[in-house]
Amino acid sequence: MSDPSRRAVILGGARTPFGKLNGALASQTAIDLGAIAARAAIERSGISPSDVGNTIFGQVLQGGAGQNPARQVALRSGIGVDVPAETINRVCGSGMRALTLADSLIRAGDYDVVLTGGMESMSNAPYILRKARAGYRMGDGVLEDMMIGDGLQCAIGGCHMGIHGGAVAAEENVTREEQDAWALRSHQRTIAAQDAGLLAREIAAVEVAAKTGTVVVDQDEAPRRDTSEEALARLKSAFDPEGTVTAGNAPGVNDGAAALVVSSRDWTEAQGLSPRAAVLAHGEAAWDVPYLAYTPAMAAEKALSKAGLKASNVDLWEINEAFASVPIISSRRLGIDMDQVNVNGGAIALGHPIGASGARIVLSLIEELRRRGGGIGVAAICSGGGGGDAVVLEVAGAS
């Protein structure tokens, strides 16, 4: 039995707006975005950078980012040179794994405060030319897009992740119409939340240099007011001529970062700070690669079991919209009410900067539960390669 005083809590968090590919945030590196989110999370948590004992950040597309991107974020956030940092690549689950690893380290007594999060600039993913170092005797070389090669291509199955998203939808009898309906729901709910100012609670604005001066980016770029059932139905399959995954019912390619400050309960109480959420448990899962939509539910079931809870005890869910089929299938397997899932929209509308999404859905879950007066929440995400992660939170209402 772990010491209750060593249980992890989340003091606060922040995220940047999520930008489109080559959009408003394209001039910002992943490190730039990570540091903006990190500084805001530290400030909103009411702590000093000197309180942080470790930094753990996820990033998938690390080519060209320089050594240990998490270390770069830490130093740019004012954290001391004597504080270690670690960068994680767990594909889409990277940002959540940063949090759950911090949870384990805090429970073990290794640290009192850990800065966690995830970041991605898909706009800045490099192209590579293999064999260039040794030289080409004859023939052509091919530039490879590492946004696809390291991020969107299944290294095990040898196909685009969208192929898996469509295959599991077919296996589970999720129709094209159901996927399009979920995508429309995602945009409608995100726009409603954006208009109501709910997403502004999460966001730390990004200042971007422009020809006319500095432009402040403080809203997500991808949500679409003009989408409709008819517009989504007109889109062709994106990956398989006979498939059901389209550009409309899958998330876009995006830039962004999210950060969470995690601390031990006893340290938090000693400092007189009020946590925004308690981490009750986390779970990890893995399954055969094509069945990516199963792993969020599998990880959630493990986490709930550790917490001594059932799916029926959960008030709100965030299940990452890797494809529309994922939250649909995960919800069915968990036996939960879909009205409790992604109540303010999800990645299909907001975007999916792959290393950041795991942290983003945790932050979104906390903020919405606080607005509703508190409760139990679960955030779950699938990952390329057949992985899944989930975390169970208890959130107090906003004071």
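Worth pointing out:
- Partner aspartates and glutamates whose Cα lies under 17 Å from the Cα of LYS306, excluding those fewer than 8 positions away in the same chain, are identified as ASP3, ASP103, GLU284, ASP389, GLU394.
- Choice from LEU292, LEU152, LEU273 showing the highest fluctuation, given a GNM over the chain with Cα pairs closer than 10 Å: LEU273
- Using the Karplus relation 6.51 cos²θ - 1.76 cosθ + 1.60 with θ = phi - 60°, the per-residue 3J(HN,Hα) values for the range 231-247 come to 5, 5, 5, 6, 6, 7, 4, 8, 10, 10, x, 9, x, 10, 8, 10, 5 Hz, with x marking Gly and Pro.
- With neighbour counts taken as other beta-carbon atoms within 10 Å, the residues ASP103, ASP220, ASP226 rank, fewest first, as ASP226, ASP103, ASP220.
- Summed side-chain charge close to GLU221 - residues other than GLU221 whose Cβ falls under 13 Å, Lys, Arg +1, Asp, Glu -1: 0
- Highest-fluctuation residue, PRO126, PRO241, PRO223 considered, GNM on the chain with Cα pairs under 10 Å: PRO241
- Over the range 350-399, the hull volume per residue, using the convex hull of the C-alpha atoms, is 69 Å³.
- The order of HIS160, HIS187, going from fewest to most other C-beta atoms within 10 Å of their C-beta, is HIS160, HIS187.
- Coordinate range along principal axes, alpha carbons of the chain, Å, largest first: 63, 51, 44
- Computed P(r) (all Cα pairs; the range 110-256; 5 Å bins; percent): 2, 7, 11, 13, 14, 15, 14, 10, 7, 4, 2, 0, 0
- Using the Cα coordinates of the range 288-375, the gyration tensor eigenvalues translate into equivalent-ellipsoid semi-axes of 19, 18, 12 Å, sorted from longest to shortest.
- R0 of 25 Å, Cβ-Cβ distance MET338-ILE148: FRET efficiency to nearest 0.05: 0.20
- Within the range 186-312, the percentage of alpha carbon pairs spaced more than 26 angstrom apart rounds to 55%.
- All lysines inside 30 Å of LYS20 as judged from Cα atoms, apart from same-chain residues fewer than 8 positions distant: LYS211, LYS236
- For the range 90-185, alpha-carbon Rg relative to the globular expectation (2.2 N^0.38 Å, N residues): 1.60
- Average Cα contact separation per residue, the range 166-287, under 8 Å, 6 or more apart, as relative contact order %: 25
- Computed about the Cα centre, the dipole magnitude for the chain is approximately 480 debye when only Lys and Arg (+1) and Asp and Glu (-1) carry charge, each at its Cβ.
- For the chain, the relative contact order comes to 26 percent (Cα pairs under 8 Å, sequence separation of at least 6).
- Within the chain, helix-based [θ] at 222 nm, where runs of 4 or more DSSP H residues each add -39,500 (n - 2.57), nearest 500: -9500 deg cm²/dmol
Only the coordinates and a few stated rules stand behind these numbers; no lab work does. Quick caveat: nothing in here was measured; it's all calculated off a predicted structure. With ideal geometry, Cβ positions are generated from the backbone for all residues, glycine too; neighbour counts draw on all protein chains shown.
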